[in-house]
Structure formats: structure tokens, C-alpha cells
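Asker: The structure under discussion is supplied below as C-alpha cells; questions concerning it will follow.
Read the figures in this text as sums done on the coordinates, not as results from a lab. Please read all numbers here as calculations on a predicted model, not as lab measurements. Note that each Cβ is placed from the backbone with ideal geometry, even for glycine, and that neighbours are counted across all protein chains shown.
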Amino acid sequence: MRRHIVGHKKNEKLKREDITIVDTKIAKQSMMGTSLGNAMEWFDFGIYSYLAVTMGQVFFPEIDPSFRLIYAFATFAVAFIARPIGGLFFGMMGDRLGRKKVLAITLIMMAIATLSIGLIPSYDAIGIAAPILLLIARLVQGFSTGGEYAGAMTFIAESTSDKKRGFMASGLEVGTLVGFSAGAGLVTLFTFLLGDKTMLEWGWRIPFFIAAPLGLIGFYFRNRLEETPAFEAMMKVEEERSPASLKEILIHHWKPLLICIGIVLFYNTMSYMVLTYMPSYLSDELGYGEKKGLFLVLIVMIAMIPFVLAMGYWSDRIGRNRIVKGALIGTIILSIPALMMIGNGNSYTAFLGLFIIGILLSAFQGVLPATLPSLFFTKVRYGSLAITYNVSTSIFGGTTPLVVAWLVSVTKNKMVPAYYLMAVCVIGLIIVAFFVKETAGRSLRGSAPAVDNASEIEQVLKNPDEALWWEEEVKHGNINHSVMDSRQENAENVR
């Protein structure tokens, strides 16, 4: 990429050389490489979700069948214990060493952990050691994932122009859906070809074996990416300054940290509800059969892909907050009708109900990967996003399948998923409406504007205050001097 961000002398205004001109070709390569790696990551992670029922029989055969799914999802959820630790470790590393290196490491770790799951003997073969080894592998998966998604969001957000950030970042969630779809499709295919008995005996291992070489492919593409211009620019002007510590992040960035936790609460609750819980809900609670449940969710995920890209595209034009608030209101209104359609026993109606929820989720997936990185300044972006994203995901999102399965079991009410979605979306609507600034078309906090071509520079220079809108937060004392980026420091000098 062509980079023009430099340090400023005292009392200088925004100048032509401050503005980053993004190489569109390289930006697209960054988006594709990061999204492909993310697809590999979520292919690994998603396989377990779609094999939850089978995994329960393999590793927990002595558990009462009515509670076996809960145990399987508990093993799924336990990986989220490691996610905040991984987020802290890799996030702080990413703010020190760069985004590219960390993203390559996390992908390899995930591939190794996934391959290991496929090699673990069954409970019948080695007894209690089997679920213990499964637990360890899941913890390694969770640890690596802790640095993955936040890093991918940060990388794409910092590699694109301000006017196209929403559309380009939506490609990351396309990678997620492709990965989940590939995982679901593979499980469905082998279940169809091998049958339930063979899948239970050894067929379930094949998807885990396939994940390992796919991880190596993702590593190859990620290793060829360039470091983000925002990070490189920051490093050039701050070579002698120590990176922000966790204490500084918690003290001086507490407000965006809390906002991010609130956004991720509804974002990942709905995501894990649709992509992880629904296949088992359809088969175990509604009696659709494992094959049909997997197939219905698979078709919905494939159908969501163009909607995710469309939402990202329109978020750059009409604003991200409008789309998110509309989707939140839509979820509150339509959750009950959609769940009633899913539960009426008719496959076509069930698909329509799933499709409604899927389209609402696609609005979040198309917009929030660009919204979340914009909450934080460049110097602390990866670390802050990794910590908050994974804490919120671990507490709320990752536990959604376990909590909802338990609530349905206890209450005997199959509408619980709808009530759960409605509750978190009410919280989300309050947060987005009152605490999230609109950032569509604007520069990232702590960075000068990024444009697609030189012809846009003059327009940016006409209104430097708007171009550097985030300096208002410095003026109002929201950001402490010790964790400012170089441009923020200059704003202090100007005053």
C-alpha cells in the first residue's frame, strides 16, 4: 500500500502527506487472505458444533441421553474459558509485534488442535481419559481463537479506505459463513454417505483430519499479506515509546471497552444461536432428524452470504448504526413468529423461519466487523478488541447453546430461544442508540484519513476537523496522553 502518514510538528494542520492512499488491489488481497484464513478457522471450529450429537455419544456414552447434548455443548463452551486468555495474550502481542504475525500463529494452533480431536480414542477405548483429552484440545482451540477474530477485524479495518471499510470488512463474515457452511456440508455429506452407525464408529473423525491441511493453506495466504499501513505508520513515529499496558487500557479506555462488550453480547448470542445451536435444536428438540436439521441450517447460511455483503455495502452509504438498529428491532419483533414457524413441523415453513433469523443476523455480520475496530485507537486496537470481544463472547455468546439447551430442558418451553434473542436485542438497542457514534466514511480513531485515490485528497483537506473527528474525544479528556497515537499527541500540542 502507498502510505503517507507522518508525524507533525507543533501547530501544523492536516496536510496532503498525512493522508493514506490505499492500493485497492492490495486491500482486496488483504481482505481475501484474512477472510480465507478466517474461513479455515471457523471450518475447524464449526465441525465440532455440527457433530455435537455424535460427539456426545462418542465421549459421553454413560450419560443419560436427555443430558448428553448438554454435556457435549458444555465441552464446546469450555473452550470459551480460554478465549479471554488467548485474546489478552495475542491482542497485546498484536499491538507490539504487528497484526500479520499473530494471525499466522493463531491459524496454525487451531489446525493442530483440530487434528488432535480427530485422533483422540473414544470413551469405550480409554475411558475418562477421552473426554479429558477432548477438553484439552478444545482449550487450545479457544486460546488460539481468542486472538483470531479480533485480529482479523483489526487487519481488514486498517487495510481499507474509509469509504469502503464496511463492505470490505463484511468479507470477513463471508469467510465465517463459508467456513461454517463447509463444515456443515462436510458433516452432512459424510453422514449421508456413511450412515449414522459408521459416523458414530469412525466417520466423525474424517472432517477433523481434513481441517489440518486446510489450516496450512490458510497459513500460506496469511503469511503473504502485508502489515497494515496504520500499524506501520504508528511504529515509525513511536519507535522509542513503550506500548500501552493492560492497566492503561483498562483505565483510559474503559468506556469503549464496555460498549464493545455490550455490542458483542447481542452479536454473538444471535450468531451462536443460529450457527451452532439450531442444528441440534432442530434434531433433538423438534425431531427433524440430524440430517434434515443440518441441511436446513446449511442452506440458510449459504443464502445469507449475499445479504452480508449487501449490508456491508449499504452501511458505507447510509450508516452502520441505522442498519444495526433496524436489525435489532426486527429481531425483537420477529423472533417469536420465526420460532413458531420453525417448530410447526413443516420443513418449508421451518426453512422460512430460519431464513428470517438468518437475514437479521446477516445485518449484524455485514456491519459490525467494521464498527467494532472503530471503537478503539490504533495503538490499543488489537489488544482492546481482543480482550473485550472474547470476554463478552465467553460469558454470553459461547455459552448460548449450553444455556438455551438447559433452559429448554428445565422449562419444557421450546420458545425459549426466541425469548433469549429478544432480551439481548433490547439491551443491544439501548447501547447502539445512545452510546455508539456513527463512523461510516470516517477515519479510524488515531489514524489520518484513508482514501482510494489522490483525487479524494482535496475534498478531505477542505474539512480537517471532520477528517480527524476523533480529536474531539481528546479535547473532552476521554483519552489519556500516555496512550495517544502520534496524531492525538499533536492535537494536545495545538491546544
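Asker: Taking 0.36 nm per residue of sequence separation and subtracting the Cα-Cα distance, how much length would be gained by fully extending the chain between Ala125 and Phe192, in nm to one decimal?
Answerer: Roughly 21.5 nm would be gained on extension.
Asker: Subtract the Cα-Cα distance of Ile395 and Glu458 from 0.36 nm times their separation in residues, and report this length gain in nm to one decimal. Kindly include the intermediate steps, with their values, before the conclusion.
Answerer: Values: separation 63, 0.36 × 63 = 22.68 nm, distance 4.64 nm.
Taking Ile395 through Glu458 to full extension adds about 18.0 nm, to one decimal.
Asker: State to the nearest 20 debye the size of the charge dipole of the chain about its Cα centre, where the only charges are +1 on K and R beta carbons and -1 on D and E beta carbons.
Answerer: Rounded to the nearest 20 debye, it is 560 debye.
Asker: With unit charges on the beta carbon (Lys/Arg positive, Asp/Glu negative), name the residue among Ile359, Thr400, Phe295 whose Cα is farthest towards the positive pole of the charge dipole of the chain.
Answerer: Towards the positive end, the residue furthest out is Ile359.
Asker: Among Thr160, Gly147, Gly195, which residue has its Cα positioned farthest towards the positive end of the charge dipole of region 140-223, with +1 placed on the Cβ of Lys and Arg, -1 on the Cβ of Asp and Glu, and the dipole taken about the Cα centre?
Answerer: Checked the options; the winner is Thr160.
Asker: So between Ile81 and Met415, what do we pick up on full extension, going 0.36 nm a residue minus the alpha carbon distance? Numbers along the way, then the final one.
Answerer: Numbers: separation 334, 0.36 × 334 = 120.24 nm, distance 2.79 nm.
So the extension gain works out to 117.4 nm.
Asker: With the contact rule set at Cα under 8 Å and sequence spacing of 6 or more, what percent relative contact order holds for region 54-168? The partial results should precede the final answer.
Answerer: Details: 121 pairs, mean separation 43.6, N = 115.
Computed over region 54-168, the figure is 38 percent.
Asker: Modelled label-to-label distance, Trp254 and Asp64, 7 Å Cα→beta-carbon offset: nm?
Answerer: If labels sit at Trp254 and Asp64, their model points lie 4.5 nm apart.
Asker: So what's the convex hull volume per residue for the Cα atoms of region 265-309, in Å³?
Answerer: Numbers: hull volume 2.9 nm³, N = 45.
Cα convex hull per residue, to the nearest whole number: 64 Å³.
Asker: Work through the residues other than Ala39 whose Cβ is under 12 Å from its Cβ and net out their charges, Lys, Arg +1 and Asp, Glu -1.
Answerer: Neighbour charge sum, excluding Ala39 itself: -3.
Asker: Quick one: which of 28-40, 375-387, 167-179 comes out on top by average Cβ neighbours within 10 Å, and what's the full order, highest first?
Answerer: 375-387, 167-179, 28-40
Asker: Something else now. For Asn223, what charge total do you get from the other residues with a beta carbon under 10 Å from its beta carbon, if Lys and Arg give +1 and Asp and Glu give -1?
Answerer: Charge balance in the 10 Å sphere: +4.
Asker: Given axes a ≥ b ≥ c from the Cα gyration tensor, I'd like to know whether region 337-426 is rounded (a/c under 1.5), prolate (a/b larger than b/c) or oblate.
Answerer: Working: a/c = 3.67, a/b = 1.81, b/c = 2.03.
Judged from the Cα gyration tensor, region 337-426 comes out oblate (a/c at least 1.5, b/c at or above a/b).
Asker: Then there's this: May I ask for the Rg/Rh ratio of region 48-108, computed from Cα atoms with Rh as the Kirkwood radius, given to two decimals? Walk me through the intermediate numbers first.
Answerer: On the way: Rg = 16.6 Å, Rh = 13.6 Å.
Computed over Cα atoms, the ratio is 1.22.
Asker: Could you rank the peptides 151-162, 258-269 by their average count of other C-beta atoms within 10 Å per residue, with the highest value first?
Answerer: Values: 151-162: 28.1, 258-269: 23.2.
Packing proxy ranking, top to bottom: 151-162, 258-269.
Asker: Additional query: Work out the charge dipole of the chain with +1 on the Cβ of Lys and Arg and -1 on the Cβ of Asp and Glu about the Cα centre, then indicate which of Gly326, Gln459, Met40 is farthest towards its positive end.
Answerer: Gln459
Asker: Can you compute the helix-only [θ] at 222 nm over the chain? Use -39500 (n - 2.57) per DSSP H run of at least 4 residues, normalise by all residues, nearest 500 deg cm²/dmol.
Answerer: One gets -24000 deg cm²/dmol as the mean residue ellipticity at 222 nm.
Asker: Relative contact order of the chain, please, whole-number percent, based on alpha carbon pairs below 8 angstrom and at least 6 residues apart. Can you show the working numbers first?
Answerer: Working: 874 pairs, mean separation 129.2, N = 495.
Relative contact order here is 26 percent.
Asker: Can I ask one more? Between Leu352 and Ala310, what FRET efficiency follows from the Cβ-Cβ distance if R0 is 22 Å, with the result rounded to 0.05?
Answerer: Numbers: r = 20 Å, r/R0 = 0.89.
According to the calculation, E is roughly 0.65.
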